[in-house]
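Accompanying notes for the structure given below.
The values are calculated or read from the model by the stated rules, or taken from the named source; none is laboratory data. Note that the coordinates shown come from a computational prediction; the quantities given were computed from them, not determined experimentally. Neighbour counts run over all protein chains shown; Cβ positions are idealised from the backbone, glycine included. Calculation scope for accessible area: heavy atoms of the full protein, side chains included, ligands and nucleic acids excluded. Shrake-Rupley method; radii C 1.70, N 1.55, O 1.52, S 1.80 Å.
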Amino acid sequence: TVRIHLMPTMNPDGYARAHEGDKQSVVGRYNAHHIDLNRNFPDHFHPRQSKHPVQKETLIVGDWIRSLPFVLSANLHNGDLLANYPYDDHKANSHAHYKEKCPDDATFIQVSKAYSFAHPTMHLGLPCPGESGGFKDGITNGAAWYSVAGGMQDYNYFHTDCFEITIEMGCTKFPLASKLHQHWVNHRPALLALIEQVHVGVKGFVSDIDGEPVPDATISVVGIDHDVHSHTAGDYYRLLSPGSYELIAAAPGYGPAS
């Protein structure tokens with residue numbers, strides 16, 4: 001089974017200002033304080049770089065993300081057609097276009113391809129009209145496309161156990177209502193393929209010698225510098241690409257077990 005949560009919009013102010021049929025403007029990007037919320041999360045690499053106070057919307061969404069044991073999420077955008085994965089930001093505070101790999105690069109590529117190849121055209125990697133280039137297999141590392149500091153995608157990876165990718169769902173920022181049915185038809189199998197990825201990897205329970213659950217145990221994968229944690233019932237979920245791995249569980253007051 002899978003528990004699914006939907007957030008219709010993080011930015012109702014921007015949605016109210018945007019207009020149907022808008023192809024490429026950014027009129028709907030900013031909130032009522034003219035701040036881009038997807039540049040407003042605490043940035044791991046450059047924590048003092050933000051020029052704007054953390055917005056109420058950002059705080060509420062951050063609290064929500066941390067309050068539940070999310071495993072996988074997708075941030076749905078428009079303006080291009082691709083699946084984008086971490087890191088979004090560069091460690092070197094650079095605006096150059098080069099890949100910034102995260103420790104789970106192989107898993108994020110797998111998840112992104114699961115989406116793009118389940119979509120009828122995304123995997124072709126074709127550019128939007130008037131643009132050049134395109135993206136191999138319809139996926140890209142975020143920083144290789146353009147650097148984003150303070151984005152929700154990297155925030156999820158650094159501050160929670162959730163792996164998030166960003167889906168650019170089409171070349172028009174605000175699709176016409178008449179196009180929404182076809183939009184749904186195109187993305188429905190890809191969204192289902194993404195949901196199935198939540199079961200790829202390792203999952204289980206951490207318990208003590210008496211069989212009691214151990215919450216907040218740290219689950220480490222040898223060779224991958226990124227940990228996840230067990231939840232209140234001792235349950236944990238660790239997304240991984242196919243392969244052989246050694247996992248280690250550790251918690252205060254207990255010796256590590258693998």
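Results, tabulated for the structure shown:
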read-out	value
Scan of segment 92-110 for residues that are basic (Lys, Arg) and either farther than 12 Å from residue 146 by Cα or without any contact (Cβ under 8 Å) to a residue 40 or more places away in the chain (or both), ordered by number	101
Odd one out for residue 54, checked against (1) open to solvent by less than 60 Å² (accessible area, probe 1.4 Å); (2) touching a Pro at 6+ places or on another chain (Cβ under 8 Å); (3) within 15 Å of residue 155 (Cβ to Cβ)	(1)
Residue ranges of strands (runs of 3 or more DSSP E) in segment 187-235 with at least 1 members in contact (Cβ under 8 Å) with a residue 40 or more places away in the chain and among the small types (Gly, Ala, Ser)	201-205
Filter pass, residue 99 being open to solvent by 10 Å² or more (accessible area, probe 1.4 Å), outside any helix (DSSP H, G or I), more than 16 Å from residue 239 (Cβ to Cβ) and in contact with a strand residue (DSSP E or B) (Cβ under 7 Å, 6 or more places away or on another chain)	yes
Boolean, residue 21 is touching a Phe, Trp or Tyr at 6+ places or on another chain (Cβ under 8 Å) and on the phi > 0 side of the Ramachandran plot	yes
Any hit, segment 157-178, residues being assigned to a loop (DSSP other than H, G, I, E, B), open to solvent by less than 30 Å² (accessible area, probe 1.4 Å) and among the hydroxyl-bearing types (Ser, Thr, Tyr)	yes
